[in-house]
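Peer 1: A single structure is presented below for examination.
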Amino acid sequence: MAVPDICIWISFWRSASQLAAMCKYIFVEMAFSQSEPQVMHKLKEYIDSHPHALAIMKIMIRESRYSSPSDSLRITTKDIGSDVLRNEEWRPELTNSNTFKVVCDGFTWIDITSIDITIWMCEGEAPINIEVDEPGHPVTAYTTGTLLPDLSTAALDALVNRATKKFQDIIVSYIEQTLLHAGLASDLGTHSHYKSWHKRLPKWPHPDPESDPEDQKGHLSQGNGGVMTRTRAKCT
């Protein structure tokens, strides 16, 4: 299977080494140098290998056509015979905050033209259908938004919030089921408190609360071996 750029999942553990359950996944694929068909093929692989995935996000980043500096540019003549600059030495010029452009020595090294985001989210038990391309589908929720050239994320924010709420519901449901099956009292340690208290009780039998009170009169004595016994005396 292809490796996603970001993978978020919930897992529940019985101990540090014993996995109890692996639940819903959220996959994020950021496509910069990949084509649309390549990205969609990857997303399909994620769904095929994890049919219970909760959501998938596709981020398509597109840039204007790039070409290396020509031989006539000043940057080329200046850098001939020089050592390659380290990352901290190569300082691009700051550009307008509303654009994603990297300029250094007067040459544009990258110019992002658009960033488009698409989200699919599972609405029920059926796997996500990444062929859905419009909102309102009964099986797969779908929405789109952009970061460039315009900022439009209202629908994306709403669907991300819904996915987050589903994650929270999964966690709460699993905790409730665990406590229900294991027994709330035992899980909270009350049974261990009860056993500890019971061990401290006297070892002799307790009188039957429904027997004759006169018959319960007696005294305790310590016999051979240090065992406490009860003797009864009855007047005639």
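The values are calculated or read from the model by the stated rules, or taken from the named source; none is laboratory data. Worth saying up front: this structure is predicted, and the values here are computed from it rather than measured. FYI the Cβ positions are ideal-geometry reconstructions off the backbone, even for glycines, and counts take in every protein chain you see. Surface areas here come from the heavy atoms of the whole protein model, side chains and all, with no ligands, DNA or RNA. Shrake-Rupley method; radii C 1.70, N 1.55, O 1.52, S 1.80 Å.
Peer 1: Could you tell me which of rounded, prolate or oblate describes segment 1-152, using a ≥ b ≥ c as the square roots of the eigenvalues of the alpha-carbon gyration tensor, with rounded for a/c under 1.5 and, failing that, prolate when a/b is larger than b/c and oblate otherwise? Display every interim value, and only then the final one.
Peer 2: Details: a/c = 3.03, a/b = 1.97, b/c = 1.54.
Prolate shape, in that a/c is at least 1.5 and a/b is the bigger ratio.
Peer 1: Under 25 Å Cα to Cα from Lys195, which lysines show up? Leave out anything in the same chain fewer than 8 places away.
Peer 2: Once the sequence-local lysines are set aside, what remains near Lys195 is Lys203.
Peer 1: Over the heavy atoms of His41, what accessible area does a 1.4 Å probe trace out, to the nearest 10 Å²?
Peer 2: Near enough 110 Å² of accessible area.
Peer 1: Over segment 1-160, calculate the relative contact order: mean separation of alpha carbon pairs under 8 Å at least 6 apart, over the residue count, as a percent.
Peer 2: On the way: 267 pairs, mean separation 29.1, N = 160.
Reported as a whole number, the value is 18 percent.
Peer 1: Hey, got the Cα dimensions of segment 87-149 along the principal axes, in Å, largest first?
Peer 2: 54, 23, 16
Peer 1: For Lys44, list the lysines whose Cα falls under 19 Å from its own Cα; do not include residues on the same chain fewer than 8 positions away.
Peer 2: Lys24, Lys58
Peer 1: Next question. Let me spell out the model: positive unit charges on the Cβ of Lys and Arg, negative unit charges on the Cβ of Asp and Glu, origin at the Cα centre of segment 33-166. What dipole size does that give, in debye rounded to 20?
Peer 2: I would put it at about 200 debye.
Peer 1: Taking the alpha carbon gyration tensor of segment 67-173, what are the square roots of 5 times its eigenvalues, largest first, to the nearest whole Å? Provide the component values of the computation, followed by the final result.
Peer 2: Values: eigenvalues 410, 49, 35 Å².
The answer is 45, 16, 13 Å, longest axis first.
Peer 1: Just to make sure I understand: if all protein chains stay in place, what is the order of Glu134, Glu89 by accessible area at 1.4 Å, largest first? Before the final figure, lay out each step's value.
Peer 2: Details: Glu134 120, Glu89 80 Å².
Ranked list, largest accessible area first: Glu134, Glu89.
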